[in-house]
Amino acid sequence: MNPFLILIADEDKATRTFLERQLRVDGYRTDTAGRREQALWRLAARGPHLMVAGIDGRSLELLDSVRSGGGPGGAGIDPDTPVIVLIAAAAADEHARVRVFEHGADALLTKPFYYPELRERVRVLLGRAYPPPGSRRFGAPSDDQPTRDSPVDEAELVRAADRVRAKLTAVAPDTRWLIDVPGVGYRLCDEKAET
């Protein structure tokens, strides 16, 4: 079974039941909450890896509580918990969608939603929040530069660079096309770099 626990917080019982059933079929562990207070308690007590929350677009208190680390009655909540917001299409005008993101949502889907899309958003957000062992970040990212985790087999990377270098050398033996960049990897030269 998948190690990830997903909290489904939605007032609509049919939505909670549907999502619980589908996410379990996909191998996730689930927990549900029908009210804001229940959701806050479960967030603090059980520490889910991700929350899918039904929000009406006007009341964003649950989202605010998560991003502030719990606030009153919800202390101990991880403010970095990924949150996918489900919002009724009737309440999802441009301003409501923007407000949801301003309050810290990681993704937003309008009801009725297409389950395979929600499943992929869950997979992507969990992959970003909890990268698999052995994944690495490349380059020297700055605070304003997004980073990406990628699983890497260093030996395969070296072999691939050697193959590319051999092919380029066969074309122009006296020219360096591929340069080693210490701590980063390899880069192709923009112009011929004479050896």
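The values are calculated or read from the model by the stated rules, or taken from the named source; none is laboratory data. Values in this document were obtained by computation on a predicted structure and should not be read as measured data. Don't worry about glycine lacking a Cβ; one is built from the backbone with ideal geometry, like all the others, and counts go over all protein chains shown.
Have a look at THR32, THR17 and point out the one that is surrounded by fewer than 15 Cβ atoms within 10 Å (Cβ to Cβ) and hydroxyl-bearing (Ser, Thr, Tyr). First the steps, then the outcome.
Details: THR32 fails: surrounded by fewer than 15 Cβ atoms within 10 Å (Cβ to Cβ).
Exactly one residue qualifies, and that residue is THR17.
List the strands (runs of 3 or more DSSP E) inside the stretch 77-148, counting only whole elements, that have at least 2 residues being within 24 Å of ALA14 (Cβ to Cβ), assigned by TED's automatic domain parsing to the domain that holds ALA14 and at pLDDT 80 or above. Talk me through it step by step, then tell me what you get.
On the way: elements: 83-88, 107-111, 135-137.
Qualifying strands (runs of 3 or more DSSP E): 83-88, 107-111.
Could you please find all residues in the stretch 64-76 being modelled with pLDDT of 80 or more and within 16 Å of ARG42 (Cβ to Cβ)?
Those that are modelled with pLDDT of 80 or more and within 16 Å of ARG42 (Cβ to Cβ): SER65, VAL66.
Suppose we filter the stretch 16-70 for residues that are more than 25 Å from ALA89 (Cβ to Cβ), in contact with a Ser or Thr (Cβ under 9 Å, 6 or more places away or on another chain) and of a type in the set (Gly, Ala, Ser); how many remain?
Summing the residues that are more than 25 Å from ALA89 (Cβ to Cβ), in contact with a Ser or Thr (Cβ under 9 Å, 6 or more places away or on another chain) and of a type in the set (Gly, Ala, Ser) in the stretch 16-70 gives 1.
Please specify each residue of the stretch 9-47 satisfying the condition of being among the charged types (D, E, K, R) and touching a residue at least 40 places away in the same chain (Cβ under 8 Å).
Applying the first criterion (among the charged types (D, E, K, R)) to the stretch 9-47 yields 10-13, 16, 20-21, 24, 26, 29, 31, 35-37, 42, 46.
ASP10, GLU11, ASP12, ASP26, ARG46, listed by residue number.
Could you tell me whether the stretch 55-63 includes any residue that is in the same structural domain as LEU126 (by TED's automatic domain parsing), in a helix (DSSP H, G or I), touching a Gly at 6+ places or on another chain (Cβ under 6 Å) and surrounded by 17 or more Cβ atoms within 10 Å (Cβ to Cβ)? Walk me through how you get there before you give the answer.
Within the stretch 55-63, the subset in the same structural domain as LEU126 (by TED's automatic domain parsing) is 55-63.
Filter once more, so that each one left must be in a helix (DSSP H, G or I): 61-63.
Checking which are touching a Gly at 6+ places or on another chain (Cβ under 6 Å) leaves us with 63.
Those still in the list that are surrounded by 17 or more Cβ atoms within 10 Å (Cβ to Cβ) too: 63.
There is at least one residue in the stretch 55-63 that is in the same structural domain as LEU126 (by TED's automatic domain parsing), in a helix (DSSP H, G or I), touching a Gly at 6+ places or on another chain (Cβ under 6 Å) and surrounded by 17 or more Cβ atoms within 10 Å (Cβ to Cβ).
So is ILE6 in contact (Cβ under 8 Å) with a residue 40 or more places away in the chain and either assigned to a loop (DSSP other than H, G, I, E, B) or closer than 19 Å to GLU120 by Cβ (or both) or not?
Numbers: in contact (Cβ under 8 Å) with a residue 40 or more places away in the chain: yes; either assigned to a loop (DSSP other than H, G, I, E, B) or closer than 19 Å to GLU120 by Cβ (or both): yes.
So ILE6 passes the test.
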